Structures are given as C-alpha cells and as structure tokens.
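Written out below as structure tokens is the structure these notes cover.
The values are calculated or read from the model by the stated rules, or taken from the named source; none is laboratory data. Note that this is a predicted model, so its numbers are computed, not measured. Cβ sites come from the backbone with ideal geometry, for glycine too, and all protein chains shown count toward neighbours.
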Amino acid sequence: MKCFVVFLSLVFAATPGFAQAPRPTGAIRIVVRDPSGAVIPNATVLIAGADAATPGALAASAASDGQGVAAVGGLPPGRYTVTVSFPGFETKTVTDVRVRAGETRREVTLPIEKIAESVAVGRDPATAASDPKNERFGNVLSKDQIAALPDDPDEMEQALQDMAGPGATIRVDGFRGGKLPPKSQIRSIRFSSGMFAAENHGAGMTFVDIATQPGMGPLRGGLDFSFRDGGLNARNAFQPQKGPEQTQQYGFNLSGTLLKERTSFSLAGGGTTLFDSAYVFAALPDGTRAAPVRRPADRMNVNGRLDHALSKTHSLRASYQQNDNEQHALGVGNFDLADRGFSRTSSDALFRLSESGPWAKRWFGETRLQLHWATNDSVSTLEAPTVRVLDAFTSGGAQQAGGRRSRELEYATNVDYATHGHAVRVGTLVEGGTYRSDAGSNYLGTYTFTSLADYDAGRPATYTRRLGNPLVEYSHWQAGFFLQDDWRVRKNLTLSGGVREELQTQIADRWNLGPRAGFTWSPFRNGRTTVRGGGGLFFDWLDADVYEQTLRVDGSRQQDLVVINPGYPDPSAGDATLQVLPPSKYMLAPGLVLPRRGVVTAGVSQQLSQGFTLNLNYMHTAGWDRYRGLDVNAPLNGARPDPALGNITTVESTARLRGDTLNVGMNVSIPKRRTFVFANYAWIRQENDADGAFSLPADSYHLAEEWGPVAGVPHHVASAIVNTTLPKNVRLAVSGTARGGAPYNVTTGRDDNGDTVFNDRPAGVGRNSATSAGMWDMAARVSYAFGFGDRAQNPGMPGGPIMIVQRAGGGAGDLLGALGSVGGGADNKRLRIELFASASNLFNHVNPMGYSGVMTSPFFGRPTAAGPARKLDLGVKIGF
C-alpha cells in the first residue's frame, strides 16, 4: 500500500492541478565545468541546509543536464552547502551559498582527480564510503585511458566486455544496444556493480556505463590514423606461412558551441579498410590442409549529436549514428574450407532523444527514447550442398541467403524523489519492435559423415534439408516497471530495497515480480572499510531470434527433411537401411515462463593506505526455468512415440544453472610517479544442464545426466598490469593474463540413440568432462606525445585518475585498452600529436585452442587452432 501511495504521489506531483499555491522561495542554478571550461553532464549535486532557516540534513539532490546545469527550485531563503561530484574528478564543496527569492547562480569547476580512489571532500568519510553509488566497488577510466582504447567501435566494445567479465551490460547514456559512440564523444566510462538495484533488468556482475559529452566550448577537433600490416606480425602456430593482414583506420571529430550556454554540437566519422586471414586447419582424405584465406572488409560510420537547453533547468539531447559494414569470406576457418565463405552487408541506424530536469522541489525526471533500424543481407560464395565430416572438414556452399529487417523502439522514464534520508526512484521501460526476415539456411541440403573412413566409402549418416519459404514477419515486445529506495539509516549505513515487474508478449505468464535488497556499510569512522551485500530475483527475456525460429520452422511455413543412411551424392539412392523421417519442426512449449535467476552477492573493500586498495567479492547464482531444447518425439527404445512425426524440438523452461565467483583484486597508485599497479585473481565455478534454447540433450529421457560444467569457462583467471610514465613524455603499459583450462564436451561421433543429433557421449562420460590446456600472454603499449602552441586552460591535467576494473576478463591485449594516459606537457598544447605502438601477445606464446571432443575425428583430444600470434599496431592522433 505504501508503494502505491508513493506512485500516486509521483503522478500528482507532475500534474499542474495539484501544484501548491506560490510562496516566496528561491532557486539554485549550478553550472558544473572541468578545468578546461567544458561543461560536465550527469554530475551529482547535493544541496544541504546550513542554518536554522533551511532545516533538514538534505534539502535536495539533482544531476547536471546536457549543458552541465543542475537547477533546484522551491528552496526556502537561507544559507546552503553545495557538494558537486563526478567520477574521475575531485568532489568539491561550496559552503555558505546564500539563497534569496529568485535565482542564485554559481559555477563550480571540478579539479581532475589525482589519486586512485574517489574522495568526497567535505563529507564524513564513513558517510561517503556507505553511499551505494561510491566508487569502491566500481572504477572509472580517465579521459586518457579512454583515448588508449581501440579506435574501432566494435573492437572497443569487445575490449570493454572482456575487461568487465562474463555477463556485463554496456549502457550509453542509459541506453542499451547499438554501436558505441566514437571516443571523441565519450566523457567517462564507469564500471559498477549495483546489481541488486530494482532499476536493473539483468543480473550481471558488472555494468559498463558510458557517459557522452556535449560539444560546449570553443571549436575543437581531431584526426586519427592507425595502421597494421601482416609483415610486422608473427605467424600463427598452426599454419605453415603467415596469412595476409592489413588494417587502415581513420577518423575525425569536431565539436563546439552553436548558441552560448544553450546549444552545442559534436560530429564524428571514420572508416576502416582491412583484410585479415581466416585459418583453415582440416583433415582431408589426402592429408591435412592448413592454409590462410584472405578475408576483406570495409566499414564506415558517422555520429552526430545536438544538445540544447530548453530552459534554465531542462535540457534536450538528440543523437544519430549510422554504421555500414561489408564483409567477405565469412564462415571460413578451422574445419570449414574456402568454398564455405559468404558475404554480408549490413546497415545500422540509431536515433536517440532524451530530456531531463527537475519537476519540482525534490523531484527530478529523465525520459529516454531510442529508435533503431537494422538491415543485413547474406550471399554465399558457392551455391552447393554441404559436406560435413565431423571435426575433420566441411566443404560445399555456406547456404546463406536473404536477410533481416528490424525496427526497434526503447522508451524509458525514471523519476527521482529525495527526502530526509531517502532517495526514491520509480521508472518504466518498454522495448521491442517489428521484424521481417527471409534468411535462408541449409536450403540445398547437408550430408553428415561420422568419419573420414565413412566419407571414403560414401556412407553418410544423415542428409538434412530445410524446405519451404523462410519469410516471417512478427512483432516482439517486453516491459518492466520498478520502485526502489535507498534509505540512509545512519550516516555509515544505507539500506536499499525495491521490486521490479516484467512481462513479455510471447509469454502468457504476466506476473514476474522480482524483489531486490541490499546494504552498504562503512563500520569505521575513517571510512576506509566498506562492506556491501545484497541480492534478488531476476528474469531473463525470450530472445526475438528464438521466437523467430519457431515461427519459421513450424512444420508448415518451413520444415526440416531428415534422411537416415542416405545415398551419396544422391540421397534417395541409399540401400535398404535408408529411412526418410516425417517432417521435423520447432515450437514453444505450452506454459513457457520467463527464466528465473536468484543472485546473492557480498563484498568488502579495504583502503590500506591512500594509494593501496584491496577488494574481495563473492557472488552466488542459482537459476531455474531456464530455456532448453527438447526433442519430445525422440526415439525411445528404438521407436518414436508418434511414428507419424519426425523430430519436434520444443523450447521448454526446465533447465537449471548454478554459479559461484570469488574475485580478489588489488591496486596500488603512486601519483607522484604517475604509476599504477593492478593485480586480480578470480575463481569461477559455473554448472548447468543446457547451453541454450535450441541446445538438445544427449538423451531427451535422461536429463539428469546433462548436469555439468559450462563449456568454455575456466576455473581460474589471473591478470596483472603495470602502467607508468617514462622520461620525455613517454608512457608505458605492460600487462599479462593467465587462464586455466576450460571444459569441453566428448562425444562418440555417432548417432547412438537414433535421434539424428550427433551429441551422444560414451557410457559413463559426463557432459563437458574434458579440459583444454591453460593459456597466458603478455602485451605492451608505448606512446609519445608532443605539441605546439599553448592552450589557455589544461583539459587533461597530469596525474588524472588511474583506475581499472577489477574483474576477470579477456587477454592482456584486451586489457591494454584501459591503460593510462600519454600525459606530459603535450596536454597543454593547442595542437597535440601522439605517436603510439602497441603489441599483443608480446612474446608470441602459443595458446592452443579449438580442442576436438569427437572420438571419430583424427584430431580427437587435440587442439586445432591457436590464439592470435603477436600483432603490432602503429598509429598517430592529432588534436586541436
């Protein structure tokens, strides 16, 4: 009932008819800037009463809008204290701000942070440490660290995902999906772990929040170019010769003010012309074939943004991005020969609109709208049937044709209300779209042989072919509603609680309530220790791709033809054992529900000294009602329950998962030497009994035997980074990572139970019971910066924040994108030039991968590929 009253209060507060009669009040308008004079959006502004005329521990809080303005009205005249903070900058407190009737305007400039931890100046240390939004359990990359990330948006996204670890969610200004913006438009990148908040749909360990910046200020711009050539790279260990490789990447950015303190713009664009190699490593009847295949691609992108102050307190932000890609020789590599290639062209457009500002005293609202258009089309290099010999080689056509058109919408509204000791947020999210797809696959048929011996003898085990028209059109929508409250019980203890309701159009179950709860506690007055815990119930969506497949292969529009013991090359010319099954299809099981995931997390952060912090985090996950594929007409004792039907792959919500993660991280900062050392270790255990919505068990009638480790997830991951400044404006970063072996599955290579799926395991062998070898590598990046002409103000002071996410992630080469700045005196120059070189897998260590678990394969138990060999990138960046 209390939640319902709060929700009604929100509605009434936004309705003019319920507004109170005017009374003498004042307003504070804070403009937040960085040392260069550029405004800072999304900064947190706390306004507290400071005398008897302004009672209350907290009068109001707000976030600066796209023009860097935070405005709060309806304040009783008197004296106030204003505290402004933003990740990567020192918190600043302005005391004795006198508010009279009318508006009081102040400008606050935040200095660049010079130590590793965020320090809340002017706040009690224990109070700052017990803030759920403090940076103790999440770090922030500086502007120079962002500059060191890969320039290509796709590569940068992959690097951030690897740094954040499994299950991370990337958001840009609160939006999910789409391409990342160019680095020139990124203000900050924050890694956080506020997973028990009701506003979050997902239960991932980490959120990567990217905040973009307006172009406010004098006209600025930059150019960048990077180059990679195969002549500088090492040879792949599984190839007799180096494959061709070259990348030329270029970009530009321009930003500035259109109307002073009202309207600004930023524009960026770029392109990439590249070719790399797909490596074939296959066993053919005449011997092993190892050869690189040239794989060209072209990419173009443009990104524009406009920020406008609608009033003194409300701002409007609009952005548009267009990305076009053309790729060739996809589908080639490992067992797939060169004739398996196909080309794909894709176009992706994204329009975003957001409005934010205070509604009234203590109320702040934000509304977001996103429209997303995407198209892709595929064409096979060769139109021919496919020949597949299990884990030996695959030849013939790729059988990829047609494409997909999607029109998607996301709408979200969040409303914040701050009162004494409480920070309440309520919001909604609606997303979905319409889809049209005629993507065809396996339309010419596939022959599957269990071994090279069977291929030599012309004895395929099965012939499959998809018949019918692949065209489907449908809509798919989902929504979420939440209410949460952060309640400061004491100055060193905050309790968080809330509830979220979610529903989806294709799921009949309409009540999916997910309670969330957590606490943040700083037990000691010095604020150096923070204890955090929480958990809740989370739901996962049914993917549109899964629903699309059940619509397409429904036994009417399309159906799968399966022939057992066919002839070759004519499938109908088999011997007496030939058997043609009735048509197969896919479907959603009746009573399908949203998958559940219960999560509990606990952690402690200890600041041992000003520059030395140690973190310990633990998370336990239990999942049920997970999606799995199940053949409900699989043979039982050699006979199908319904002989008139073939395989009926049903998506059911009957799978389970369980996971535990223990993460220990340490970072040491030496600001005077601009040196940072980071080390991290993660112990991971993940188990489940299904790999996805269409993942079939080895035996549909003995599901208990499917429980086992999750494929590809190692138990141990360790990493370390050293980042330091050398003389003469040279910056050096070195990193290393090591992983234990990862589980993979062992199968007999035959269809032992007659269900036409070749995933049968030997008797007594569990799922994903084999383990690959461990892996390690090291990487390095060195840069030198110089410049010409003096700039009036320094936009990037030396000693900026040196922070790195403390999560198990990707290889050392991926982590280097988060390493430190080039720094030095060049930062003060009007024209700044940076030269850099980076190397991944510095020592060219061979990391075997692609282990074959098929017992009939000539590669059984052996790796069939290696991780990337040493690669060297050279580049230059020019800024003005």
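Annotations for the structure displayed:
- When Val424 is tested against (1) in contact with a Lys or Arg (Cβ under 7 Å, 6 or more places away or on another chain); (2) of a type in the set (Val, Ile, Thr); (3) farther than 26 Å from Asp760 by Cβ, just one condition goes unmet, and that condition is (1).
- Any hit, segment 355-366, residues being on the phi > 0 side of the Ramachandran plot, out of contact with any Asp or Glu (no Cβ under 8 Å at 6 or more places or on another chain) and buried (at least 19 other Cβ atoms within 10 Å of the Cβ): yes
- Per the conditions (1) of a type in the set (A, V, I, L, M, F, W, C); (2) over 24 Å from the mean Cα position of the chain (by Cα); (3) part of a helix (DSSP H, G or I), the sole criterion not satisfied by Phe524 is (3).
- Unique residue being small (Gly, Ala, Ser) and either at pLDDT below 90 or within 26 Å of Ser735 (Cβ to Cβ) (or both) when the list is Ser838, Ser852, Ser857: Ser838
- The set of residues in segment 558-590 being more than 23 Å from Arg628 (Cβ to Cβ) and among the hydroxyl-bearing types (Ser, Thr, Tyr) consists of Tyr568, Ser572, Thr577.
- Condition check for Leu330: within 30 Å of Leu390 (Cβ to Cβ) and over 29 Å from the mean Cα position of the chain (by Cα): no
- Among residues of segment 680-704 that are farther than 21 Å from Val599 by Cβ, those with a Cβ under 6 angstrom from a residue that is among the aliphatic types (A, V, I, L, M) and part of a loop (DSSP other than H, G, I, E, B), sequence gap 6+ or separate chain, pair up as Leu696/Val757; Ser700/Ala634.
- Residue in segment 204-223 that is within 19 Å of Leu874 (Cβ to Cβ) and in a strand (DSSP E or B) present: yes
- Test: residue in segment 561-581 that is part of a helix (DSSP H, G or I), at negative phi and of a type in the set (D, E, K, R): no
- Taking segment 532-544 as the range and being in a strand (DSSP E or B) and either surrounded by fewer than 18 Cβ atoms within 10 Å (Cβ to Cβ) or aromatic (Phe, Trp, Tyr) (or both) as the test, the residues that pass are Gly533, Leu537, Phe538, Phe539.
- Taken over segment 438-473, the residue count meeting the criterion of being outside any loop (DSSP other than H, G, I, E, B) and either out of contact with any helix residue (DSSP H, G or I) (no Cβ under 6 Å at 6 or more places or on another chain) or at pLDDT below 95 (or both) is 19.
- Scanning segment 357-366 for residues that are within 20 Å of Ala309 (Cα to Cα) and outside any strand (DSSP E or B) yields one hit, Lys361.
- Within segment 398-434, being surrounded by 21 or more Cβ atoms within 10 Å (Cβ to Cβ) and under 30 Å from Val757 (Cα atoms) holds for Ala398, Gln399, Gln400.
- When Gly533, Gly468 are checked against the criterion of being of a type outside the set (Asp, Glu) and on the phi > 0 side of the Ramachandran plot, Gly468 stands alone in meeting it.
For (1) assigned by TED's automatic domain parsing to the domain that holds Phe538; (2) buried (at least 19 other Cβ atoms within 10 Å of the Cβ); (3) aliphatic (A, V, I, L, M), each residue gets a yes or a no:
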| site | (1), (2), (3) |
| --- | --- |
| Ile186 | no, yes, yes |
| Ser192 | no, yes, no |
| Gly202 | no, no, no |
| Pro218 | yes, no, no |
| Asp224 | yes, yes, no |
| Phe227 | yes, no, no |
| Arg235 | yes, no, no |
| Gln241 | yes, no, no |
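- If the condition is being touching a residue at least 40 places away in the same chain (Cβ under 8 Å) and polar (S, T, N, Q), then segment 603-649 contributes Ser605, Gln606, Gln607, Gln610, Thr613, Asn615, Asn617, Thr621, Asn647, Thr649.
- Filtered residue count, segment 682-708, keeping only those that are among the charged types (D, E, K, R) and either at pLDDT below 90 or under 21 Å from Leu636 (Cα atoms) (or both): 4
- One residue alone among Leu267, Leu350, Leu254, Leu369 is aliphatic (A, V, I, L, M), surrounded by 21 or more Cβ atoms within 10 Å (Cβ to Cβ) and assigned to a strand (DSSP E or B), and that residue is Leu350.
Each row is one residue, and each column tells you yes or no for (1) under 22 Å from the mean Cα position of the chain (by Cα); (2) of a type in the set (Lys, Arg); (3) assigned to a strand (DSSP E or B).
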position: Leu594; (1), (2), (3): yes, no, no
position: Ala602; (1), (2), (3): no, no, yes
position: Tyr618; (1), (2), (3): yes, no, yes
position: Gly623; (1), (2), (3): yes, no, yes
position: Leu630; (1), (2), (3): no, no, yes
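- Taking the criterion of being part of a strand (DSSP E or B) and buried (at least 21 other Cβ atoms within 10 Å of the Cβ), the residues of segment 306-340 that qualify are Asp307, Ala309, Ser315, Arg317, Ser319, Gln321, Ala329, Gly333, Asp336.
- Residue within segment 744-755 that is more than 30 Å from Leu561 (Cα to Cα) and aliphatic (A, V, I, L, M) present: no
- Which listed residue is under 30 Å from Ala866 (Cβ atoms), at pLDDT 90 or above, buried (at least 21 other Cβ atoms within 10 Å of the Cβ) and within 23 Å of the chain's Cα centre (by Cα), from Ala738, Ala711, Ala742: Ala742
Here's the yes/no breakdown for (1) buried (at least 17 other Cβ atoms within 10 Å of the Cβ); (2) under 21 Å from Val746 (Cα atoms):
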position: Arg640; (1), (2): yes, no
position: Gly659; (1), (2): yes, no
position: Ile684; (1), (2): yes, no
position: Ser700; (1), (2): yes, yes
position: Glu705; (1), (2): no, yes
